[in-house]
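All remarks here apply to the structure that follows.
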Amino acid sequence: MKIQDYLQIVRKGWWLLIIAAIIAGTGGYFWADSQPALYEASVLLSIGSYIESPNPNTSEIQTGEQLARTYLVLARTRDVLQSTIDTGDFSLSVGQLGNMIDTQIIPGTSLIRLTIEATDPALAADVANELARQVVLHSPSNLTQEQEQELETARTEILRLQGLLSDMTARLDEINAEMEAAATSDTLDLDRLEQLRASRDLLIDQINATSANIAEFSTASANLRARTNSVDIVEEAVPPTTAQKSDPVVTALIAALLGAGAAAAVLILREAVDDTIRTPEEALGTLGLPVMGKIARFGGRRDDYAARLIAAKDPSSRIAEEFRAIRTRLIYDMNQRESIAYVITSPGPEEGKSVVTANLAVALATANYRVLLVDADMRRPSLHEFFGLSNDHGLSNMLSVEPADVLTDQYTLTLNEDYVDCIKQTDIPNLRVVTSGPALDNPAEQVGSAMMHHWYKAFEYADNVDVILFDTPPALSAVDTAVLAATTDATVLLVLRSRRTRRGAALETMEMFRQLGREVCGVVLNNVKAADLATTAAYYYKYKGSYSASDGDHAMLHEPVTLLRADRSALVLAASNGNGAGHSTRKKTARLPRPAQSAIRTKDITRDSLVLFTSDEEPLSIRVEEKVTLGRRTSSTTDAPHIDLDDYGAFGAGVSRVHAAVYRKKGKFYIEDMNSSNGTWLNNQRLEPGRVYHLPSDSEILLGEFPLRVFYLTDEAATEDVPSASEEEDSE
């Protein structure tokens with residue numbers, strides 16, 4: 001996945017991130033606020049004896065630093081902790097004491113710091129000191145009992161000898177003072193002076209002997225303590241005076257960030273393990289098929305079939321517009337092939353194939369296409385419920401007779417009285433339905449029979465049928481669909497349900513039709529969540545007040561373009577004459593048929609408006625304030641054109657994102673190529689990019705290979721008395 005994919009996932013789940021951050025932050029705040037104040041007391045230990053040496057070598061220093069890490073582990077062993085508790089008589093468990101300890105090596109030294117956290121400052125200091133003593137006692141280099149006794153004896157003797165030495169030194173000072181006094185006396189007592197001299201010499205000998213003994217005991221003590229692997233307490237802990245307490249606000253912020261991060265990880269993980277198709281981009285990437293359209297989620301779960309016929313119930317809605325967009329692409333596809341029949345199916349059940357089929361049939365019928373809708377799903381038929389029709393007679397009855405026994409004319413699909421109920425006229429003009437009829441025990445054999453093939457040919461050659469739509473069972477749930485596709489020459493249209501259809505099922509369905517030699521023309525992605533739509537709701541212009549059920553213009557516009565209404569007769573003319581040649585040919589001289597003048601000039605077209613005719617069925621009527629751009633809309637808002645031609649096949653025809661611009665100045669129109677990739681032609685003349693050309697009315701424009709015929713109200717045409725469309729029909 002790319003960074004953009006991760007950002008898209010997070011963008012879709014922003015609400016979950018906010019909720020997780022709020023919950024985690026709130027919990028963190030109250031947790032920190034409820035925690036008691038803690039006091040920290042620390043004791044400092046020294047590892048090795050090199051610190052006492054006036055000239056320690058590098059080896060001793062490095063060894064001490066390395067041993068310090070070992071003693072950090074020793075301080076947390078169960079024996080040391082239990083001994084600390086027992087000796088200090090602390091009301092703690094080994095686990096509690098372990099949680100109170102924090103150990104640290106002073107960087108660049110062999111000193112370690114043991115810190116105890118407790119709610120009582122005195123307890124913190126006592127535990128820290130006792131823990132340090134237990135570390136010393138449990139040190140692997142601790143003296144043996146005999147060595148401890150020797151060291152204690154040496155210490156005692158040193159203290160005793162130091163006392164004697166002090167007394168003898170004081171006595172020597174007294175003798176020296178007395179000898180000095182005797183030497184200066186008027187009456188010199190030689191005997192007393194000699195006696196004092198002898199006492200002094202004896203005392204000096206005793207002092208020297210005592211000093212030598214002290215030095216000997218000190219050397220022995222130093223030798224016992226001179227160990228590389230030694231532990232000594234350098235600084236004992238004292239009860240702290242200030243408490244340590246977490247700031248609830250800081251804790252809440254950290255917890256909120258962690259909560260949002262955890263929610264983002266959950267979203268990404270869910271997307272990674274989800275193998276369903278969710279967006280049009282995923283459908284295109286998985287199957288490599290064109291996405292004919294995307295239908296946003298609408299209605300409720302309990303809505304009946306009639307309520308889901310949105311193309312008829314609410315033709316001005318956004319959902320109905322999406323079905324009209326599918327209709328446009330389907331007409332383009334139909335103009336590229338000889339067959340007029342489509343098998344509409346889905347990989348599995350409850351993916352919305354019947355809803356799509358019924359609404360697409362309505363959209364085609366309202367565009368003056370004569371539609372025959374066949375319910376070939378004899379296992380779970382539903383089309384009769386969409387249109388409020390009886391299912392007493394239908395396809396199952398027709399498969400039991402020969403077409404010659406039913407048709408009164410081989411090119412006009414009109415049934416005799418015995419089978420008049422099999423093909424039913426709906427309330428929608430141009431739309432007839434062949435319901436499934438009574439249930440059959442062997443529907444797969446029936447739809448694959450020679451009789452089905454005969455009926456299909458009869459439908460195809462009937463001069464009052466323009467489009468045939470077969471609603472079939474799910475392709476992977478029943479073999480009926482594969483059999484029907486093999487029996488007829490119909491093209492397959494695959495319906496997928498967003499977040500329900502799995503990639504493997506879609507690929508298996510496509511592979512099944514490929515093996516049968518049946519072409520899948522595209523995919524309709526149904527029930528798409530708003531968050532999964534590549535185009536947001538803002539992409540669509542406002543319908544209310546500027547668009548109605550009778551409007552012909554469904555271009556995607558934004559300011560400063562204002563939508564106008566075009567005459568319905570123009571729609572009929574474009575649908576009947578359009579052959580899609582502009583999309584498939586690479587010949588730059590191809591021209592569109594010229595529509596009737598009555599289709600061009602309507603009461604809603606003013607001097608500042610243009611009418612653009614494509615090879616599809618609907619004209620585009622736009623008002624040019626000063627400038628409009630033509631091209632294809634992308635996800636970027638910085639290079640979006642005013643007029644989006646993507647729904648009319650502009651991408652395949654080589655139209656750039658911002659391909660050309662149309663200007664209006666002093667009542668005249670001009671056109672400029674915006675440095676497009678595939679060029680712009682005006683009446684077979686290629687335009688130089690960046691140069692503005694005059695745009696006459698009744699001109700043909702080629703954007704790459706995409707043809708447009710442009711009309712506008714000239715001064716001459718405005719003064720002409722042109723008859724209306726109804727007057728032309730009356731005169732005929």
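The values are calculated or read from the model by the stated rules, or taken from the named source; none is laboratory data. In this text the structure is predicted, and so the values were computed from the model without any measurement. Note that each Cβ is placed from the backbone with ideal geometry, even for glycine, and that neighbours are counted across all protein chains shown.
Before moving on, here are some points about what is shown:
- D304 being out of contact with any strand residue (DSSP E or B) (no Cβ under 9 Å at 6 or more places or on another chain) and either modelled with pLDDT of 85 or more or more than 30 Å from E152 (Cα to Cα) (or both): yes
- Residues located in region 479-517, provided they are surrounded by fewer than 20 Cβ atoms within 10 Å (Cβ to Cβ), in contact with a helix residue (DSSP H, G or I) (Cβ under 7 Å, 6 or more places away or on another chain) and outside any helix (DSSP H, G or I): V479, L516
- Inspection of region 212-225 identifies at least one residue that is aromatic (F, W, Y), in the same structural domain as A154 (by TED's automatic domain parsing) and in contact with a helix residue (DSSP H, G or I) (Cβ under 6 Å, 6 or more places away or on another chain).
Listed here are the residues, each with its yes/no results for (1) on the phi > 0 side of the Ramachandran plot; (2) assigned to a helix (DSSP H, G or I); (3) exposed (fewer than 14 other Cβ atoms within 10 Å of the Cβ); (4) of a type in the set (A, V, I, L, M).
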| site | (1), (2), (3), (4) |
| --- | --- |
| E117 | no, no, no, no |
| A122 | no, yes, yes, yes |
| A125 | no, yes, no, yes |
| L131 | no, yes, no, yes |
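- From the options G348, G288, residue that is buried (at least 16 other Cβ atoms within 10 Å of the Cβ), closer than 22 Å to P474 by Cβ and not assigned by TED's automatic domain parsing to the domain that holds Y29: G348
- Entry remark, region 433-448: residues being within 13 Å of R379 (Cβ to Cβ) and buried (at least 22 other Cβ atoms within 10 Å of the Cβ) number 4 in total.
- When the residues of region 282-312 are filtered to those that are of a type in the set (G, A, S) and free of Cβ contacts under 8 Å to residues at least 40 places away in the same chain, the one that is nearest to A530 (Cα to Cα) is G299.
- Residue satisfying all of: in region 160-204; under 30 Å from S218 (Cβ atoms) and among the β-branched types (V, I, T); surrounded by the most Cβ atoms within 10 Å (Cβ to Cβ) among these: I175
- Inspection of region 94-101 identifies no residue that is closer than 17 Å to A124 by Cβ, modelled with pLDDT of 90 or more, among the polar types (S, T, N, Q) and more than 45 Å from the chain's Cα centre (by Cα).
- Reported count of residues in region 286-318, each being in contact with a Lys or Arg (Cβ under 9 Å, 6 or more places away or on another chain) and assigned to a helix (DSSP H, G or I), is 5.
Here's the yes/no breakdown for (1) part of a strand (DSSP E or B); (2) surrounded by fewer than 16 Cβ atoms within 10 Å (Cβ to Cβ):
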residue	(1), (2)
L630	yes, no
R633	no, no
V662	yes, no
G690	no, yes
